[in-house]
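The values are calculated or read from the model by the stated rules, or taken from the named source; none is laboratory data. These numbers were taken from a predicted model, which means no experiment stands behind them. With ideal geometry, Cβ positions are generated from the backbone for all residues, glycine too; neighbour counts draw on all protein chains shown. Protein only, heavy atoms only, side chains kept; ligands, DNA and RNA dropped before computing areas. Shrake-Rupley method; radii C 1.70, N 1.55, O 1.52, S 1.80 Å.
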Amino acid sequence: VPLGFDFPFNGATYSSVFVNSNGNLTFGAGDTDFSESVSEFLNGQPRIAPLWDDLAPNQGGLVLVDQGSGEFTVTFDDVPEFFASTGNTFIVTLRSDGSFTIEYGAIAAADGIVGTTEGGGAADPGPTDLSAAAGLSASGTTYEQFSFGSPNDLSDAVLELTP
């Protein structure tokens, strides 16, 4: 999807983004893989993952794109996981200065990966507790992996990432 502006991200500049149905945005190429892993996160495309999980917008909810002056917003509104009935709501807004915001509504998915990475074989800095983090960087790799033993705790949180 064309951004309508140049977005500086991890040392490159992008004029378009791939909005992937599984809750993430990639640059350079799309990604249809629904089985998120830290290895794929680090080695795949440059990525912003508000909630990389096996989401199924074809089963419910909406994925909306809004292009404004110097901003590009993607909303996943009440999108369930595959074979689930409860939805997940989050919004990611990219800005022409390279910053972005992820805003969460209700999150039903217990598992998934949330974060940002330059991809392409990025070094693993280890996970970050995003709900407790402050001053998050839009550059490099920052992530948290949620599992059924450590469920997603980002409902109603706002993450601000700056270059």
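Report the relative contact order of the chain, percent, no decimals, based on alpha-carbon pairs under 8 angstrom and at least 6 residues apart. Let's see the in-between values first.
Details: 424 pairs, mean separation 34.2, N = 163.
So the answer I get is 21 percent.
Which distance in nm do the two modelled labels at Ser15 and Asp129 give, with both placed 7 Å along the Cα-to-Cβ direction?
Distance between the two pseudo-spin positions: 4.4 nm.
Among (i) 27, 18, 16; (ii) 21, 18, 15; (iii) 37, 33, 12, which one is semi-axes √(5λ) of the Cα gyration tensor in Å computed from these coordinates?
Looking at semi-axes √(5λ) of the Cα gyration tensor in Å for this model, the match is (ii).
Can you give me the Cα centroid spacing of the stretch 1-56 and the stretch 110-163 in angstrom?
14 Å
Would you mind telling me the share, in percent, of accessible area of the chain contributed by carbon and sulfur at probe 1.4 angstrom? Kindly include the intermediate steps, with their values, before the conclusion.
Details: 3550 of 7070 Å².
Solvent-exposed carbon and sulfur of the chain make up 50 percent of the total.
Cα atoms only, the stretch 56-100: Rg and Dmax in Å?
Looking at the stretch 56-100, its Cα Rg and Dmax stand at 12.5, 38 Å.
Rank Tyr143, Tyr14, Tyr104 by mean-square fluctuation in a GNM of the chain with C-alpha springs under 10 angstrom and give only the top-ranked residue.
Tyr14
For the chain, modelled as a GNM with alpha-carbon contacts under 10 angstrom, which of Thr117, Thr32, Thr128 fluctuates the most?
Thr32
With a point put 7 Å past each Cα toward its Cβ, work out how far Ser96 is from Asp66 in nm, to one decimal.
For Ser96 paired with Asp66, the spin-label model returns 1.9 nm.
Gain in length, Leu136 to Glu40, computed as 0.36 nm per residue apart minus the alpha-carbon separation, to one decimal in nm?
Numbers: separation 96, 0.36 × 96 = 34.56 nm, distance 2.15 nm.
Fully extending the segment from Leu136 to Glu40 adds 32.4 nm.
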